[in-house]
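This report refers to the structure that appears directly beneath it.
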Amino acid sequence: YRDREFSHTKTMFERFHALFGLRKFRSNQQEAVDCAIERRYHVFVLMPTGGGKSLCYQLPAVLDDGITFVVSPLRSLILDQTQKLSSLGIPCASLTSDRTPAEVSAIYAQCYSSESELKLIYVTPEKIGQSDQLNKLFSHLYMKNRLARFVIDEAHCISDWGHDFRPDYVKIGTLRDRYPNVPFTLLTATATPRVQLDMLKQMKIERHLSKLFIQSFNRTNLVYKCFTKGKTDGALARTVQLCLSDQFVGMCGIVYCFSRMECERSAAYLSQSGVTARAYHAGLEDQDRADVQTQWANDDYQVICATIAFGMGIDKPNVRFVIHLSMPKSIEGYYQESGRAGRDGGLAHCYLFYSYQDLVKIKRLIMTEQSPNTTRDAQKVRLENLQRVYSYCLNNVDCRRTLLLEYFGEQFLSSQCKKITETRCDNCCNVAQTKLVDFKDLSKQILSLVDHLTRQLKTITLNQLIDILKGSKQKTIQNAGHDKLEQYNIAPDITKIDLERLLSKLILDDYLHQDISINDTYGTANAYIRLGKKTIYSEPILISVCTKKENPN
Ligand code: ADP
Ligand code: ZN
């Protein structure tokens, strides 16, 4: 038995060297491949983009008897993979909508033939739900013991708790029911512990029948910084400055925008300022999009101004900066988008511009984005995700890496970030320019204000709280009688952003609680504040306040 195991391993290494031309496995690759070949567990690989997930199913597919089916969300991704495999001489095919009927028939004929050499077939998720022909093929191969494995690429798309839910993925769960003995491999570069569990649940994979291979998500070569923005053009002007600075001259980067219009506007503005830039968004014709991608790959443009449609499948190693002109919609999304910088391992910069207006704008978008698959719960999760990014932006104390990695269930000590000058995040850099102030007394006042208002059965939003504390002269405040409150105008000298920071801290630490309530009639969402589980006793409530001007814009 030992000999057999040894010879398996030997074959595995031989194929690894001979077919893929590689020498050494990267972290978790061999473990995942071994586990797949063993066929006793479903394999779940969580690796940052560029980590080498493909090998984790491609090598087993070559070694397995039968055909491995890979479900992948984008035709461009599929094309990329099949080209790579073909160039390595690995027999593979794809069943996407750009195949001619004759090509499709030929692929099916090959699959039905027991002599077939085919190892991997790529399909898009909608085919699983729609194509009878494909499902018949699955059943045939299953009967013949030639259905080797199902691989689900970008598997987080099955969870509507993630940032990139795709309704077409839901059908994939049915494969488990129909072919219970076929092992699955799930791949993703992004999933929080919550999304991980949900993925397994949606996929109907029992936790004890799966093995997880999770790799650290720390991107040591990326520098994370956040900036408040006044007007959008402030952020744009700063982006231009950056692009033309010594640091970035001639280097390429991605500028992520909120809307198609923002893409077009930013690209035009950058071009006028002497930066070669192009817009990229879902509104472009297929051909234009393909052109932009090719030109970008050839370094014809310094900057691409894109909506998030730009990214999946674009693996350009030398992206030196990723700038978000608007706040992203979730931490996961941000990690993913900013992660497109520095794939080559070289130093790269991730700048995020944010404002309260962004928060409002995206919230409105979430509320109007009604698709039949969007459940109320999913909508709430999205609002929470959004709130969490905003807290991340506002946070000017904690290490950005710690905050980002915490989201993926990973612990990271800020001392690690502080150690390396070049890649230190803004908060770790700014330690010297900020001082910690204890806002315990003000916080106690805020809690009693919230207590007072909720006892009177009044709803209160974060902004209303800020207005009261800063003594706003607005009519609505007066009409509500808020100017008569004891706490009216008790914090006139604290900046609005510091107050927001304080409130956001009180919420995160559970002194206050924020309920997101969705109004069905008007389709609006409000976040109402009430008391949380904790009371303030004698512990300090520390907020870091800048001793310098906040934004050296
Ligand atoms: P992911 O799917 O995780 O984003 P890929 O599977 O596309 O990553 O791999 C990213 C790059 O790393 C590819 O160019 C691939 O050839 C390369 N790669 C993968 N595994 C190894 C390895 N063990 N040694 C060297 N290069 C590798
Ligand atoms: Zn840091």
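Taken together, the values in this text are just the output of simple stated rules run on the coordinates, not laboratory data. Only a predicted model underlies this, so the values are computations on that prediction, with no experimental measurement involved. Methodologically, a virtual Cβ is constructed for each residue, glycine included, from the backbone with ideal geometry; neighbour enumeration extends over all protein chains shown.
For Lys225, the lysines whose Cα falls under 18 Å of its own Cα, not counting residues fewer than eight places away in the same chain, are Lys329, Lys418, Lys419, Lys548, Lys549. Note on Asp288, Asp177: ascending count of other Cβ atoms within 10 Å places them as Asp177, Asp288, the fewest first. Axis angle, to the nearest 10 degrees, between helix 2-18 and the longest C-alpha principal axis of the chain: 80 degrees. For the chain, the convex hull drawn through the C-alpha positions has a volume of 185 cubic angstrom per residue. For the pair region 5-50 / region 147-208, the C-alpha centres are spaced 21 Å from each other. A simple rule links phi to the HN-Hα coupling: the Karplus curve 6.51 cos²θ - 1.76 cosθ + 1.60 with θ = phi - 60°, which for region 453-458 gives 5, 5, 4, 7, 6, 9 Hz, with x for Gly and Pro.
Each part gets one Cα centre, and for region 361-434 versus region 210-264 those centres are 15 Å apart.
What shape does region 342-401 have by the C-alpha gyration tensor, where a ≥ b ≥ c are the square roots of the eigenvalues, rounded means a/c under 1.5, and otherwise prolate means a/b greater than b/c and oblate the rest?
Judged from the Cα gyration tensor, region 342-401 comes out prolate (a/c at least 1.5, a/b above b/c).
The C-alpha atoms of the chain define a longest principal axis, and helix 101-112 lies at about 70 degrees to it.
In debye, nearest 20: dipole of the chain around its Cα centre with unit charges on the Cβ of K, R (+) and D, E (-)? Before the final figure, lay out each step's value.
On the way: 71 positive and 61 negative charges, 180 e Å.
The calculated dipole for the chain is roughly 860 debye.
Expressed as a whole percent, the proportion of Cα-Cα pairs in region 262-394 lying more than 26 Å apart is 28%. One chain, two ends: Leu209 and Thr276. Fully extended at 0.36 nm per residue, the span grows by 19.0 nm beyond their Cα-Cα distance. Rounded to the nearest 10 degrees, the angle from helix 260-272 to the longest Cα principal axis of the chain is 80 degrees.
Computed from backbone phi with θ = phi - 60° and the Karplus coefficients 6.51, -1.76 and 1.60, the 3J(HN,Hα) list for region 497-514 is 5, 5, 5, 4, 4, 4, 5, 5, 5, 4, 6, 4, 8, 6, 7, 10, 10, 10 Hz; x is used for glycine and proline. Multiplying the residue separation of Ala268 and Tyr142 by 0.36 nm and removing their Cα-Cα distance gives an extension gain of 39.9 nm. Treating r as the C-beta distance of Leu457 and Lys496 and R0 as 30 Å, the FRET efficiency rounds to 0.65. Set the Förster radius R0 to 45 Å, insert the Cβ-Cβ distance between Asp377 and Leu22 as r into 1/(1 + (r/R0)^6), and round the FRET efficiency to 0.05. E between Asp377 and Leu22, to the nearest 0.05, is 0.55.
Extension gain for the segment Asp515 to Asp438, taken as residue separation times 0.36 nm less the Cα-Cα distance, is 25.1 nm to one decimal. In terms of its C-alpha gyration tensor, region 398-441 comes out oblate, because a/c is 1.5 or above while a/b does not outweigh b/c.
Hey, how much of the P(r) for region 410-487 falls beyond 14 Å, as a percent of Cα pairs?
That fraction is 72 percent.
For Ser448 and Thr368, a Förster radius of 35 Å and the Cβ-Cβ distance give a FRET efficiency of 0.40, rounded to the nearest 0.05.
Pairs from the list Lys119/Lys211; Lys473/Lys496; Lys24/Lys53; Lys84/Lys127; Lys444/Lys470; Lys440/Lys505 with a Cα-Cα gap above 20 Å: Lys119/Lys211; Lys84/Lys127.
When DSSP beta bridges are restricted to pairs lying wholly in the chain, around 20% turn out antiparallel.
So which trypsin sites (Lys or Arg not before Pro) in region 394-487 pass both tests, a DSSP loop state and at most 11 other Cβ atoms within 10 Å of the Cβ? Write down the numbers at each step before the final one.
Numbers: sites: Arg400, Arg401, Lys418, Lys419, Arg424, Lys435, Lys440, Lys444, Arg455, Lys458, Lys470, Lys473, Lys475, Lys484; in loops: Arg424, Lys458, Lys470, Lys473.
Of the trypsin sites (Lys or Arg not before Pro), the ones in loops of region 394-487 whose Cβ has at most 11 other Cβ atoms within 10 Å are Lys473.
Hey, if you drop one equal point scatterer on each alpha-carbon of region 432-553 and run the Debye formula without solvent, what base-10 log of I(q)/I(0) do you get at q = 0.09, 0.11, 0.14, 0.15 Å⁻¹? Listed by q, the Debye log ratios stand at -0.27, -0.40, -0.64, -0.73.
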